[in-house]
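Read through the structure below, which is laid out as structure tokens, and then see the notes.
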Amino acid sequence: MGNQIKTTILLALLTAVILWIGHLFGGQQGMIVALIFAGAMNFFSYWYSDKIVLKMYRAKEVTPQESPKLYEIVSTLANNANLPMPKLFIIPSETPNAFATGRNPEHAVVAVTDGLLRLMDSDEITGVIAHELAHVKNRDILIGSIAATMAGAIMLLATIARWSAIFGGMSGDDNEGGLGIIGLIVMAIIAPIAAMIIQMAISRSREYLADSTGSLIAQNPNGLANALEKLGAYSKRIPMKANPSTAHMFIVNPLTGKNLMNLFSTHPPIEERVARLRGEITPKNQSGKSGNGQAKNAKAFWDQLSE
């Protein structure tokens, strides 16, 4: 229920932004065109956003023969979580990282980088994969995939607006929605604002819950905790070329720059995630008192797996 509401709100916000861009391009007629475009994007992102994200990172599907160790780990964990076996992709990047995508558990994909497979041991890889399968189980991957596609569409429209202005698109009556100098300024800031909306719409609590349920799927929290420490260290030493609109999909934030976007990161601090996994701190419940709300949620999830 929570994910459905968040998805609806996210799509409504991004659709509104697209309509606004349409008005800047061509007034009421532009809004109608933008509305049709938004509807098409919503439909398209539901069915094809996973393919777009995988292509964006040049991910290649691998077979059991090509990566038997990885397949064995994923197959065991999927069985633990009562999930269908997802498709496996490898991203050609030296930076260790991973994400899951797909519209539902039956069409799920888990993608890992070359760097993750080279730099992590079996327990750490198991922890990372279990975290991603927890996202699949909780159906977090749909909102992440749709968010990435819609944000990419808005950034594309912003780029078109800039080029339109350069080649004469600055003419027109602002009252009718012509893209004047004000419209150009708006387009210049639309993309980062859209990315912030997406990042703020994806709750950090999902990462905490995916960590806790993932450790239960793997039946070992230390593997994920050790992996997170390595991921944090290597992501700073080996930066990854990542699109800001898809940063929220990865297990750790691939954006390491000291820019404003990092203030709105959807990823909790790695140190706190590790401490929770190792039982060094307990999360706060909604009343602000120390409690075990996340642990109870994870236990309830695990009980469902055992049914």
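Looking for whichever is closer than 20 Å to S93 by Cα, modelled with pLDDT of 85 or more, of a type in the set (G, A, S) and not assigned by TED's automatic domain parsing to the domain that holds I52 here; the options are A227, A247. Which one fits?
Testing whether each residue is closer than 20 Å to S93 by Cα, modelled with pLDDT of 85 or more, of a type in the set (G, A, S) and not assigned by TED's automatic domain parsing to the domain that holds I52 leaves just A227.
Looking only at the stretch 34-57, which residues are over 20 Å from L142 (Cα atoms) and exposed (fewer than 14 other Cβ atoms within 10 Å of the Cβ)?
Across the stretch 34-57, the qualifying residue is only I36.
Restricting to the stretch 64-77, give me the number of residues that are in contact with a strand residue (DSSP E or B) (Cβ under 9 Å, 6 or more places away or on another chain) and closer than 18 Å to F99 by Cα.
4
Given (1) modelled with pLDDT under 65; (2) polar (S, T, N, Q); (3) within 20 Å of the chain's Cα centre (by Cα), identify the lone condition not met by N175.
(3)
Can you tell me which residue is surrounded by the fewest Cβ atoms within 10 Å (Cβ to Cβ) among those in the stretch 58-100 that are touching a residue at least 60 places away in the same chain (Cβ under 8 Å) and over 15 Å from the mean Cα position of the chain (by Cα)?
N82
Looking at L157, L184, L142, can you tell me which residue is at negative phi, at pLDDT below 65, out of contact with any Leu (no Cβ under 8 Å at 6 or more places or on another chain) and in a helix (DSSP H, G or I)?
Only one candidate passes the filter, namely L184.
The values are calculated or read from the model by the stated rules, or taken from the named source; none is laboratory data. Nothing here was measured: the structure is a model prediction, and the numbers come from that model. Positions of Cβ are backbone-derived with ideal geometry, glycine not excepted, and every protein chain shown enters the neighbour counts.
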